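Input: a single structure, listed below in structure tokens.
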Amino acid sequence: MDKNQKTAQESPILGKQSVSLKKPVYIIESASVVGKKEGEGPLGELFDLVGEDDMFGGQTWEDAESTLQKEALGTALGKAGWKAEEVRYLFAGDLLGQEIATSFGLVSFEIPLFGLYGACSTCGLSLTLASLVISGGFAEKAACVTSSHFASAEKEFRFPLGYGNQRPLSATWTVTGSGAFVLAASQNGKARAKITGLTSGKIVDYGLKDSMNMGACMAPAAASTIEQHLKDFGRQPDYYDKIITGDLGTVGQTVLLDLLNKKGIDISGQHMDCGIEIFDAKEQDTHAGGSGCGCSAVTLSAYILKMLEEGVWKRVLFAPTGALLSKTSFNEGQNVPGIAHAVVLESPE
């Protein structure tokens, strides 16, 4: 083997969009804080904290979402036995304008912050960037937080709750919840999972404009990232116990499977969607399922990591998706592009 071949094999950079972490990054602990409706769903018993009132003691919906983040990060740090000053960097974001849920929710922790916006893919985005920083040796410990709130999202993107508009069957229900994760370079005898690979997504725009059908808008981005991940790593879908998207819902799931099947990729045996898992769509009247930054984050913390921690699943590909629109772009008639960031999660062993 010549020097160039050896260097290529040792490089962590794979293909067009992926990175193989030579030094795994460990998710030491996590926390999930959700609203009343989420607590009544199929995963209700697994969440760390379920609010009795979706205002969470705040004066506004935005206050409530900030409280979600504060409670989630505080709980995750407490479970890990960490103090805030031990955390080198904080990677966090939400759906609201200028990320006010994050800014007001996390100010008291006084941790250097990278404010992120990946729409509903923000959980994957934050885990990706924190993993790169830790694996690269620029931090020993970091934390990731994201959130969404049904009422603040409706106010920001759709209609005031008092308007009482009808929701089409393609619509998803924005999850009221926040997920927080504390990551470290070593597990020190305790970890819920380890991150071993990353595939960062690119913006994918199929020209869709229906803000009431987020699943269809985001599915092409999920298909793009999953296809590229498998190609970059040279893997087949059955390499994973589960390939998990964030909040495509039932409509988006159908689109995703169809798009990948056209490329000769069948993930139907492995695919799971957090938006489908978090609610009982028929009993809770959530139509196509759940969505929002908090959807994939709380499902990851409460359910997916539990399955990895217990060894039920050995390896999953976690690929939350985001719709890159704002109320301004939508009102100006712009398309709704999508993005998805994929993270390889393995049992900590």
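None of L116, L43, L14, L106 is in contact with a Gly (Cβ under 9 Å, 6 or more places away or on another chain), among the aliphatic types (A, V, I, L, M) and closer than 21 Å to L300 by Cα except L116. On the stretch given as the range 239-253, residues that are assigned to a helix (DSSP H, G or I) and open to solvent by less than 30 Å² (accessible area, probe 1.4 Å) total 2. Among residues of the range 239-253 being over 15 Å from the mean Cα position of the chain (by Cα) and either of a type in the set (S, T, N, Q) or on the phi > 0 side of the Ramachandran plot (or both), the one that is modelled with the lowest pLDDT is T250.
Under the condition of being assigned to a helix (DSSP H, G or I) and on the phi > 0 side of the Ramachandran plot, the residues counted in the range 216-238 number 0. Within the span defined as the range 85-93, one or more residues are open to solvent by 30 Å² or more (accessible area, probe 1.4 Å), part of a helix (DSSP H, G or I) and on the phi < 0 side of the Ramachandran plot. When the range 135-155 is filtered for residues that are among the acidic types (D, E) and either at pLDDT below 95 or surrounded by 21 or more Cβ atoms within 10 Å (Cβ to Cβ) (or both), only E154 remains. Scanning the range 261-286 for residues being surrounded by fewer than 20 Cβ atoms within 10 Å (Cβ to Cβ) and either part of a loop (DSSP other than H, G, I, E, B) or in the same structural domain as T128 (by the TED database) (or both) gives a total of 9. Of all residues in the range 316-328, none satisfies the criterion of being open to solvent by less than 20 Å² (accessible area, probe 1.4 Å), farther than 21 Å from I195 by Cα and outside any strand (DSSP E or B). Please state which of the following conditions T172 fails to meet, knowing it meets all the rest: (1) in contact with a helix residue (DSSP H, G or I) (Cβ under 9 Å, 6 or more places away or on another chain); (2) open to solvent by 20 Å² or more (accessible area, probe 1.4 Å); (3) at pLDDT below 90. Failing condition for T172: (2).
For (1) open to solvent by 10 Å² or more (accessible area, probe 1.4 Å); (2) under 16 Å from V182 (Cβ atoms), each residue gets a yes or a no:
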| residue | (1), (2) |
| --- | --- |
| S103 | yes, no |
| L113 | yes, yes |
| G124 | no, no |
| V133 | yes, yes |
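Taking the criterion of being surrounded by fewer than 24 Cβ atoms within 10 Å (Cβ to Cβ) and either in a strand (DSSP E or B) or without any contact (Cβ under 8 Å) to a residue 40 or more places away in the chain (or both), the residues of the range 329-347 that qualify are S329, N331, E332, E346.
Within the range 300-315, if we keep just the residues that are part of a helix (DSSP H, G or I) and among the small types (G, A, S), the residue that is farthest from T225 (Cα to Cα) turns out to be A302. Within the range 187-215, can you find the residues that are open to solvent by less than 50 Å² (accessible area, probe 1.4 Å), part of a loop (DSSP other than H, G, I, E, B) and farther than 20 Å from S18 by Cα? Answer for the range 187-215, where residues must be open to solvent by less than 50 Å² (accessible area, probe 1.4 Å), part of a loop (DSSP other than H, G, I, E, B) and farther than 20 Å from S18 by Cα: A191, R192, G207, S211, M212, N213.
The values are calculated or read from the model by the stated rules, or taken from the named source; none is laboratory data. None of these values were measured; they are calculated from a predicted model. Cβ sites come from the backbone with ideal geometry, for glycine too, and all protein chains shown count toward neighbours. Side chains included, ligands, DNA and RNA excluded: accessible areas come from the protein's heavy atoms. Shrake-Rupley method; radii C 1.70, N 1.55, O 1.52, S 1.80 Å.
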